[in-house]
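For reference, the structure is listed below as structure tokens.
The values are calculated or read from the model by the stated rules, or taken from the named source; none is laboratory data. Predicted, not measured: the structure shown is a model, and the values here were computed from it. Note that we place each Cβ from the backbone using ideal geometry, even for glycine, and neighbour counts take in every protein chain shown. All accessible areas refer to the heavy atoms of the entire protein, side chains included, with ligands and DNA or RNA removed. Shrake-Rupley method; radii C 1.70, N 1.55, O 1.52, S 1.80 Å.
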Amino acid sequence: MSNPPVPERVLGVSGLSVEYVLDRGSVRAVDDVSFAVGNGEFLGIVGESGCGKSTLLFAIAHLLAPPALVTAGSVSFAGMNLVTMTDKQLSAIRWRDVSVVMQSAMNALNPVKSIGAQFADVLRAHGKPSRADIRSRSAEVLRMVGIDPAHLRSYPHQLSGGMRQRAMIAMAMLFTPELVIMDEPTSALDVVAQRSLMVQIKELQEQYGFAVIFVTHDMSLVSHFSDRLMVMYAGQVSELGPTRAVFDAPRHPYTQGLLEAFPSIRGPRVPLKGIPGSPPNLAVIPNGCRFHPRCPQVMDRCKEQVPELYDVNGTLVRCLLYDDRPVRTGAAEARTAEKATADKSVADA
Amino acid sequence: MPELQSGELLRAEHLTRHFKIGGALARATLHAVDDVNFAIGQREIVALAGESGSGKSTIARLLARVYKPTAGKIAYEGRPLSSIRSRGDRLRYSGQVPMVFQDPFASMNPVFRVSHGVMRNLKLHRPELSAKQRDDEAARVFEVVGLGADMLQRYPYELSGGQRQRVGFAQALVTRPKLILADEPVSMLDVSIRIGLLNLMAKLRDEEGVSILYITHDIASARYVADRLIVMYAGQIAESGPIEEVLSAPRHPYTQLLLSAVPDPRAPLNVEAETDRGEPPKVIDPTPGCRFRWRCPLAIEVCEHVDPVLEDLAGGPGGAPPGSGKQSHAAACHVAQSGAEVKAFSA
């Protein structure tokens, strides 16, 4: 394998738009989203239901089904554009280079096949491994996630929710991919199991160096695990920056509202505000800034002027409060990511 | 008959519910709720927290009379539920103790307007009202839950999740309830919407005088509205007491584990609990002994064979249900009861 120069980026998404084409018109669920994921980076994507985060993830993994359609943009992975690839080309990289862990393992696993048989299917899709190879690799990945390899003979219903999610993650690790895409893998779990799984994902990631895109509605969950955080609202990126910067100094009023909406179990009991109203119906998007009807800091021009992504000390923010800062386009955004990765590897070295 | 103490609305004593599982040859008993004692006072929000399978929803169903207890008693306003026989009594109880469900998308009939459920409840539980009075009452209740009377004519698909959950509370309110059983009412909602619903629950307590049993796995949200916290583990109460007291000084190792696992972006990462996989226990034909002992770093010999009893930590009488006038902090843990400091997991 050739060793590409650092900084390397695993995935580049640029100007991606996804529309649901319906009889009564089309709904744009993802609107001109651009970002990049560096090698071994953990990117958290957060947002409320209907903000387009799952659609975005499905578009990246090329899993969209009609009526959803990618209408613009590209997804580049290892020099290939995933958007224009055929199914045959895709199956060559699925599981091997990119794997996806779905929200509900109960639905994602086949209920009538044992865990071992499902692992074997994946392994056989990319070569002709011997039975012994299959057995040893399957046992190895199960051990990696802390499940006794005896469970290779178990069926999904015989495992607890936490173990099923772990088994899904083990399956995603069969080929040690470069990118693992996770769609709310912990949302069906209790807090204790959730915390344990997050710690484990992070450990595996540090050990094997794959990149992670982690979609969740619970921003506090990724606060300690992601390198960068992308906040989505109404199909657009509203804030994108280093996780700590976003938590310590949220710039977008929406991000500020989200953070203030989390009750804390520590410290003084403070009154919480939440965000008034509810996320917009994407079929009737507000003029100007999409957040302005719910924004506590709304200005007159927010109602007409569409905000761009402004660069505030390395964090991209889609809010007119910062329109004196330089505008970043999608391509620039991708470069920022590369630079961040470079800075990180310099710091690591 | 269980005795009614002042300020008490409902009291459960030795409440137990078992389920038979397995086929004829592998008959086993699942102990969903085992010998649970608690009371709910007037104008009080009691949070019932615990992981899935800990028995919290079974308790809600026992209180809603969906299940009959295997053993033990529930008394509402001093009268045991087992004495409810007539249709009138049943209606009176279900009107005063209604339920609000977890999934606002599944708990409403999509082909009817949202006024349907409210009007049905009014006709059933308050037949003395005229049609005009029913309309007025429905409009009033919709205002109380923050929806506005014009929403009555909408269909469920036109409403967001938060609005639907408010409809759920409106349906419960028209029957003039005293205790609302809310089973995970906000867990399906987005974070920015949840606070509004939690505030609504606090408002119902403060302005309408309703008590709420708030069943949740989210302790942080419980802290925000509840007066008292009951932590369940494997069908039993692990710890209970005034919520601030329990959260600031948890005495049961399980409560400590639960608190240490709550993600908090404002605090530094704590990975002490990482060795615990969060596997819920199966309570099938349990043997005596503490049910948390396999996960507990502090387990001592007595934990292996003696069931811990929920006991007031201030040294009160054994197993006294908390909230019975006095607000006691109780834990079912041998180590805590021995007076030793319990520090299993740090929050």
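So which residues in the stretch A:142-165 are more than 13 Å from A:Gln200 (Cα to Cα) and under 28 Å from the mean Cα position of the chain (by Cα)?
Scanning the stretch A:142-165 gives A:Pro156, A:His157, A:Leu159, A:Ser160, A:Gly161, A:Arg164.
Within the stretch B:67-89, does at least one residue satisfy the condition of being under 13 Å from the mean Cα position of the chain (by Cα) and more than 17 Å from B:Val283 (Cα to Cα)?
No, that holds for no residue.
Can we say A:Thr71 is out of contact with any Asp or Glu (no Cβ under 6 Å at 6 or more places or on another chain) and modelled with pLDDT under 90?
Answer is no for this residue.
Among the numbered criteria (1) closer than 26 Å to B:Leu257 by Cβ; (2) open to solvent by 20 Å² or more (accessible area, probe 1.4 Å); (3) more than 10 Å from chain A (Cβ to nearest Cβ); (4) among the charged types (D, E, K, R), which one does B:Arg228 miss?
Going through (1) closer than 26 Å to B:Leu257 by Cβ; (2) open to solvent by 20 Å² or more (accessible area, probe 1.4 Å); (3) more than 10 Å from chain A (Cβ to nearest Cβ); (4) among the charged types (D, E, K, R) one by one, B:Arg228 breaks only (2).
Among the numbered criteria (1) open to solvent by 50 Å² or more (accessible area, probe 1.4 Å); (2) more than 12 Å from chain B (Cβ to nearest Cβ), which one does A:Val237 miss?
Here A:Val237 clears every test but (1).
Tally the residues that are at pLDDT 70 or above, of a type in the set (D, E, K, R) and within 16 Å of A:Val199 (Cβ to Cβ), restricting the search to the stretch B:252-286.
Adding up the residues that qualify gives 1.
Just to be sure, is A:Pro156 farther than 23 Å from A:Ile60 by Cα and not aliphatic (A, V, I, L, M)?
The answer is yes for A:Pro156.
Please state which of the following conditions A:Gly38 fails to meet, knowing it meets all the rest: (1) touching a Pro at 6+ places or on another chain (Cβ under 6 Å); (2) under 23 Å from A:Gln236 (Cβ atoms); (3) open to solvent by less than 60 Å² (accessible area, probe 1.4 Å).
Exception for A:Gly38: condition (1).
Please find, among A:Arg318, A:Arg269, A:Arg290, A:Arg251, the residue that is more than 20 Å from A:Asp31 (Cα to Cα), at pLDDT 90 or above and not β-branched (Val, Ile, Thr).
A:Arg251
In this structure, does B:Lys123 turn out to be closer than 30 Å to B:Asp35 by Cα, open to solvent by 60 Å² or more (accessible area, probe 1.4 Å), basic (Lys, Arg) and out of contact with any strand residue (DSSP E or B) (no Cβ under 6 Å at 6 or more places or on another chain)?
So B:Lys123 does not fit the description; no.
Quick one: which of A:Gly44, A:Gly25 is surrounded by 21 or more Cβ atoms within 10 Å (Cβ to Cβ) and either touching a residue at least 60 places away in the same chain (Cβ under 8 Å) or not small (Gly, Ala, Ser) (or both)?
A:Gly44
Mind checking which residues of the stretch A:194-205 are within 15 Å of the chain's Cα centre (by Cα) and either within 20 Å of A:Arg9 (Cβ to Cβ) or more than 12 Å from chain B (Cβ to nearest Cβ) (or both)?
Residue satisfying the conditions is A:Gln205 alone.
Pull out all pairs, ordered by first then second residue, where Cβ-Cβ is under 8 Å, the residues are six or more apart or on different chains, the first lies in the stretch A:251-270 and is free of Cβ contacts under 8 Å to residues at least 12 places away in the same chain and more than 21 Å from A:Gly235 (Cβ to Cβ), and the second is open to solvent by less than 30 Å² (accessible area, probe 1.4 Å) and assigned to a loop (DSSP other than H, G, I, E, B).
Between residues of the stretch A:251-270 that are free of Cβ contacts under 8 Å to residues at least 12 places away in the same chain and more than 21 Å from A:Gly235 (Cβ to Cβ) and residues that are open to solvent by less than 30 Å² (accessible area, probe 1.4 Å) and assigned to a loop (DSSP other than H, G, I, E, B), the close pairs are A:Pro263/A:Leu272; A:Ser264/B:Asp264; A:Ile265/B:Val262; A:Ile265/B:Asp264; A:Arg266/B:Asp264; A:Arg266/B:Ala267; A:Val270/A:Ser264.
Every residue, every condition in (1) more than 9 Å from chain A (Cβ to nearest Cβ); (2) buried (at least 21 other Cβ atoms within 10 Å of the Cβ); (3) not basic (Lys, Arg), yes or no:
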| site | (1), (2), (3) |
| --- | --- |
| B:Arg140 | yes, no, no |
| B:Val145 | yes, yes, yes |
| B:Leu159 | yes, no, yes |
| B:Gln165 | yes, yes, yes |
| B:Ala170 | yes, yes, yes |
| B:Leu173 | yes, yes, yes |
| B:Arg194 | no, yes, no |
| B:Asn199 | no, no, yes |
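Does any residue of the stretch B:80-90 turn out to be farther than 25 Å from B:His252 by Cβ, touching a strand residue (DSSP E or B) at 6+ places or on another chain (Cβ under 8 Å), open to solvent by 60 Å² or more (accessible area, probe 1.4 Å) and away from chain A (no Cβ under 14 Å)?
yes
Select from the stretch A:254-281 the residues that are buried (at least 21 other Cβ atoms within 10 Å of the Cβ) and in contact with a strand residue (DSSP E or B) (Cβ under 9 Å, 6 or more places away or on another chain) and list them in ascending order.
A:Tyr254, A:Thr255, A:Leu258, A:Pro279, listed by residue number.
Taking the stretch A:145-169 as the region of interest, how many residues are within 14 Å of chain B (Cβ to nearest Cβ) and of a type in the set (A, V, I, L, M, F, W, C)?
Counting residues in the stretch A:145-169 that are within 14 Å of chain B (Cβ to nearest Cβ) and of a type in the set (A, V, I, L, M, F, W, C) gives 6.
How many residues does the stretch B:175-192 contain that are away from every other protein chain (no Cβ under 14 Å) and farther than 27 Å from B:Leu10 by Cβ?
Of the residues in the stretch B:175-192, 0 are away from every other protein chain (no Cβ under 14 Å) and farther than 27 Å from B:Leu10 by Cβ.
Conditions (1) part of a helix (DSSP H, G or I); (2) of a type in the set (Asp, Glu); (3) in contact with a Phe, Trp or Tyr (Cβ under 9 Å, 6 or more places away or on another chain); (4) within 21 Å of B:Ser57 (Cα to Cα), marked per residue:
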position	(1), (2), (3), (4)
B:Ile212	no, no, no, yes
B:Ile215	no, no, no, yes
B:Arg223	yes, no, no, yes
B:Ile237	no, no, yes, yes
B:Glu244	yes, yes, no, no
B:Arg251	no, no, no, no
B:Leu259	yes, no, yes, yes
B:Pro265	no, no, yes, no
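Which ones in the stretch A:138-148 are open to solvent by less than 50 Å² (accessible area, probe 1.4 Å) and at pLDDT 85 or above?
A:Ser138, A:Ala139, A:Val141, A:Leu142, listed by residue number.
Name every residue in the stretch A:271-285 that is in contact (Cβ under 8 Å) with a residue 24 or more places away in the chain and either more than 11 Å from chain B (Cβ to nearest Cβ) or under 19 Å from A:Tyr310 (Cβ atoms) (or both), in order of residue number.
A:Leu282, A:Ala283, A:Ile285
Which condition breaks for A:Val212 when tested against (1) over 13 Å from A:Gly40 (Cβ atoms); (2) under 17 Å from the mean Cα position of the chain (by Cα)?
That leaves (1) as the condition not met.
Show the residue pairs that are 6+ apart or on different chains and have beta-carbon atoms under 6 Å apart, the first residue being within the stretch B:79-90 and within 13 Å of B:Arg65 (Cα to Cα), the second being assigned to a helix (DSSP H, G or I).
Note: pairs meeting the criteria are B:Ile84/B:Arg90; B:Ile84/B:Tyr93.
Among B:Ser52, B:Ser107, B:Ser94, which is the only one that is modelled with pLDDT under 90, more than 29 Å from B:Tyr254 (Cβ to Cβ) and surrounded by fewer than 21 Cβ atoms within 10 Å (Cβ to Cβ)?
Matching residue, one of B:Ser52, B:Ser107, B:Ser94: B:Ser107.
Against the conditions (1) on the phi > 0 side of the Ramachandran plot; (2) open to solvent by 40 Å² or more (accessible area, probe 1.4 Å), where does A:Lys88 fall short? Just the number, please.
(1)
Given (1) within 13 Å of chain B (Cβ to nearest Cβ); (2) surrounded by fewer than 21 Cβ atoms within 10 Å (Cβ to Cβ); (3) among the aromatic types (Phe, Trp, Tyr), where does A:Tyr208 come up short, assuming only one miss?
Just one mismatch for A:Tyr208, condition (1).
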